[in-house]
Every structure is written in structure tokens, then in C-alpha cells.
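Notes follow once the structure below has been shown.
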Amino acid sequence: MCSVEDLNLTSDDLKMICRRHLVRETCNYRKFNVNSCVLERLGDVPAGFLANHYIMSMDISEKIVGYSDEKRLENSQTVSFFVKVFPELMQEQADYVNEMKAFQKEIDLYSYLLPRLQDIGIGAKEWGAQSYLTKDDKLLVIENLKADGFEMLSNSEPGYLDFDHLTVALDVLARFHACGFILEDRCHMSPTEMYPDCFEENAYPDNENHIRILGLKNAIRTHLELIKRIPKYQDSDKLPLILQEYPKIVFKIVDFVKTSDQYKNVVSHGDLWANNIMFKYEEVGEEKKVLKPVDGRLVDFQLTRYAPPALDVVTLICNTTNSVLRNDKLNSLLDGYYKSLTRELARFAILAEDILPWDEFLESYEHYRLAGLIESVLFGHLTTLPQHLATELLSDSEKFGDFIKSNARLKFCIEAFETDDHYCSKLTDSFCQIIDNYILSN
């Protein structure tokens, strides 16, 4: 069990968190007491690779002259917050996050850039959680979106979004991108000039000795072994060609994620998969038994970059769908995203065609289509691991380190590929799209 003392949170910190929350929620400053504070780990299984996650609940009561302690406690209320903590107790994980600068980057974003983008969106639908405290570069306290009615998608096919969920997710992404365009239009300078530390590439840096590039090479070795187990390629005379060319294809991601000289760039999320979007639902149908997604929020801003919007769009679509849905619904999804972007920019008398013409957006999507498929296998071989394997990895420092740096990744992924139908089919679909369209077609 973790306590507020373990996180170096003082009574003044707790009051500041509550004060900022109450001012935002009620637009009114009230004097209050913090009666108690409890931290609970989020779920029984790890929620991510780059941080530890908690829900912090505080019992507070308003200070009213003449009220006894008993009367004050009768009028108390509970407020809760989401807490991300640097994973310093697992040395290998801590070293990995440190070298990536993932935690520091998110703290910088929530301290400087994201509040400015959120201020632009005042009066419109929000796209992300509010930040209430950052401390010691090791702790981040933000809005508890679950308490506001948002939740992660839970379905029988982890990692996939259906058309309705993806439509909402793209609408949220368009609102986020629009705020980036508006900030740049107002300031007449790029965000990379205003906040350079927020945009250092830390997912696929162009540095062959970086931990992430070592991990990329390790991922490719693992992918090659999985590809050998796909029936349509096992006995093919093209298998040697596939195994030779596949690493070159995947390494193109290092160039894809760089700021573009060809297309319009914007503040981009960079880490879009199913668990990094939360949804709000309403009951529909005659008996109100069907839950329909009506809004969403983006979470986890640890891999933010300055890149064309299409890179975020194609990453989200490829990470959360299979090729069947993309073949059937892609035009509708792209049209929906662009209409949302157009609507948000119009609130500030900005024409989307002046910022990002429709034809340029479509052209850039085609340019980044391969990047989306590459991301789907790089994300997918990690994020869709069966729960028991993911828990085993994130509960042991040595196993985590071996998974990142050595062939231990191969053991975990082969086990998942050979025993978990969902893991196998999701990766096979993406592998085949890359191999058939970008290796064998040439």
C-alpha cells in the first residue's frame, strides 16, 4: 500500500490540489479542511509500461464558522484524482523511463504546453484531463476522468475500437489538433520554438545507441520469428526475401516520426492506442440498454511530437482496427475527422482549407499509411500481450529489463502468438498488410 507520505505529498500539496479542483468545478473559492486522504493502486494488474498509477481520494469539508467538528464531518464530500508516479522501485523500468525522458516530458507538457492548449478550448468540448499538481519530476496529479463518467473501452477483443468508438476518438483528436493550430496562429511561431523540451523525439530517436532503438531492433528480431509462424509464408519461396526486407521497412519509422518538411505539422499525441482514449456513454434504444459512446478524452502525453496530423490519425486507425474495417470505413473516418477539425477551427474564424487543405490531408495520410501499419505491429506485440504475461513482465525488474534488451521478448511473444488467438490474429493481419503491400508488391 502506498501513502501520501511515500510520495512526498505535504498537507499544503493536498490543499492546493483540492483548491484547484474546486475552483475549476465550481468557479468559486471556498475554505475547506482535508479530513483524510487515501491512495489505492489502479486495478490488480499494471495499467502501463512507463509509470505507476493510483487513485487518490480525499475527504474534505467546508470551513463554516460555528460548526462543530461533528457537524463539519456531516457535511463532508469526497473528491478523487488520478496520480501517475515515476516507477523508481523497479530499477530496470526506472532506467528505461529515465533514458526515454518519458515522465519528465509529460510533466513539462502538463506544466506548460497542455494548459495553454486547454485554455484555447474553453467553451468547447474538452479533449484531455486537467492537471492539478506536478512535483519533483516524479509525480503528476490530474483529473480523475472516471469520476467524471469516462472509462476505458472493455470488450472481447482488446485493442480494437468499433466504428462508433473510433468516430468519437477521431473527433477528440481533431479538437486537440485544432487547439495546436490555433496556438500557432495566435503566437506566429511554432510550439517547438516556445517549448523545445516538449518535442524531443523519445519514441524513435535517430540515435542507434538509444534504449528505444535497441528495443526497436529487439522488436524486429521478434517480429521475424513470428512471421515465420504465419502459415501463408512458412513454406513460401518468398520467405527469405520477406525476412531480408522487413527490417528495412520497419526502420523507416525513425524518419516517419520526424517533423515534416513537406506537410503542415501540429502538436501531436504520438501514443494513440485503445487504452489512451477514455469514453463517455449514454443509453440509447427503446429500453435504454445499449451504451453509445458520445465523448472522449485523450490520456498519456509521454511521446508527444510535432508532426503532420495524418501521422496521429493513421496511427490511431491502424492501432485500433483490422484491415476489414479500414477497407470498409476509411473514407467515412477521414471525412469525420476533417469535418471535426473544420468545425473547431471555424470557432476562431480560421478556415481549415487555409491551414490544412483536404487534398493535402488525404495525400499526407497516404504518405503515412505505412507508418500506421508499422506502429500497429510495434504497439501490438506489446499492448495486446495476454494479461498474465503483461503482469509477469511488469512485476519483476529483471524480467522487464530482459524483455526490453534481450531475446526474452521472443519467449513471451511466441508464447502469446501460439496460445492466444486474438494476439495472433491482430498481429498477423498487420504483418500481412506490410508484407503483401510493401515487400512482395515491389
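A compact table of results
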| read-out | value |
| --- | --- |
| Of all residues making up segment 240-262, the number that are of a type outside the set (S, T, N, Q), over 23 Å from the mean Cα position of the chain (by Cα) and outside any helix (DSSP H, G or I) | 1 |
| Test set (1) in contact (Cβ under 8 Å) with a residue 24 or more places away in the chain; (2) buried (at least 18 other Cβ atoms within 10 Å of the Cβ); (3) within 26 Å of T78 (Cα to Cα) - S131 fails condition number | (1) |
| Residue that is open to solvent by 70 Å² or more (accessible area, probe 1.4 Å), under 20 Å from D271 (Cα atoms), in contact (Cβ under 8 Å) with a residue 12 or more places away in the chain and over 15 Å from the mean Cα position of the chain (by Cα), where the choices are D185, D137, D206 | D206 |
| Qualifying residue in segment 133-146 (condition: β-branched (V, I, T) and either out of contact with any helix residue (DSSP H, G or I) (no Cβ under 9 Å at 6 or more places or on another chain) or modelled with pLDDT under 95 (or both)) | yes |
| Any hit, segment 276-299, residues being outside any loop (DSSP other than H, G, I, E, B), hydroxyl-bearing (S, T, Y) and under 15 Å from A174 (Cα atoms) | no |
| Evaluation of A352 against (1) touching a residue at least 24 places away in the same chain (Cβ under 8 Å); (2) among the aliphatic types (A, V, I, L, M); (3) buried (at least 20 other Cβ atoms within 10 Å of the Cβ) (one fails), failing number | (1) |
| Sole residue being open to solvent by 40 Å² or more (accessible area, probe 1.4 Å), farther than 23 Å from K426 by Cα and not acidic (D, E), chosen from Q302, Q244, Q262 | Q262 |
| Qualifying positions in segment 225-234 - touching a residue at least 24 places away in the same chain (Cβ under 8 Å), under 31 Å from the mean Cα position of the chain (by Cα) and open to solvent by 70 Å² or more (accessible area, probe 1.4 Å) | R229 |
| Enumeration of residues in segment 188-203 that are of a type in the set (A, V, I, L, M, F, W, C) and touching a residue at least 12 places away in the same chain (Cβ under 8 Å) | M194, C198, F199, A203 |
| Odd one out for R326, checked against (1) closer than 20 Å to M278 by Cα; (2) free of Cβ contacts under 8 Å to residues at least 12 places away in the same chain | (1) |
| Single condition S260 does not satisfy, out of (1) touching a helix residue (DSSP H, G or I) at 6+ places or on another chain (Cβ under 7 Å); (2) in contact (Cβ under 8 Å) with a residue 24 or more places away in the chain; (3) not charged (D, E, K, R) | (1) |
| Single unsatisfied condition, R326 versus (1) within 20 Å of T383 (Cβ to Cβ); (2) of a type in the set (K, R); (3) in contact with a helix residue (DSSP H, G or I) (Cβ under 6 Å, 6 or more places away or on another chain) | (3) |
| Breaking point among (1) over 30 Å from E353 (Cα atoms); (2) open to solvent by 70 Å² or more (accessible area, probe 1.4 Å); (3) assigned to a helix (DSSP H, G or I); (4) modelled with pLDDT of 95 or more, for D237 | (3) |
| Listing of helices (runs of 4 or more DSSP H) fully contained in segment 343-442 that carry 2 or more residues being of a type in the set (F, W, Y) and at pLDDT below 95 | 397-405 |
| Selection within segment 1-32 - modelled with pLDDT under 85, of a type outside the set (G, A, S) and not in a helix (DSSP H, G or I) | M1, C2, D6, C27, N28, Y29, R30, K31, F32 |
| Residue match in segment 191-199 (condition: open to solvent by 30 Å² or more (accessible area, probe 1.4 Å) and in contact with a Ser or Thr (Cβ under 9 Å, 6 or more places away or on another chain)) | yes |
| Residue that is farther than 29 Å from F251 by Cα and surrounded by 21 or more Cβ atoms within 10 Å (Cβ to Cβ), where the choices are S376, S340, S395 | S340 |
| Single unsatisfied condition, D69 versus (1) open to solvent by 10 Å² or more (accessible area, probe 1.4 Å); (2) modelled with pLDDT of 90 or more | (2) |
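The values are calculated or read from the model by the stated rules, or taken from the named source; none is laboratory data. Computed from a predicted model, the values in this text were never measured in an experiment. Counting neighbours? That spans all protein chains shown, and the Cβs are built from the backbone with ideal geometry, glycine included. Heads up: the accessible areas ignore ligands, DNA and RNA and are worked out on the full protein's heavy atoms, side chains in. Shrake-Rupley method; radii C 1.70, N 1.55, O 1.52, S 1.80 Å.
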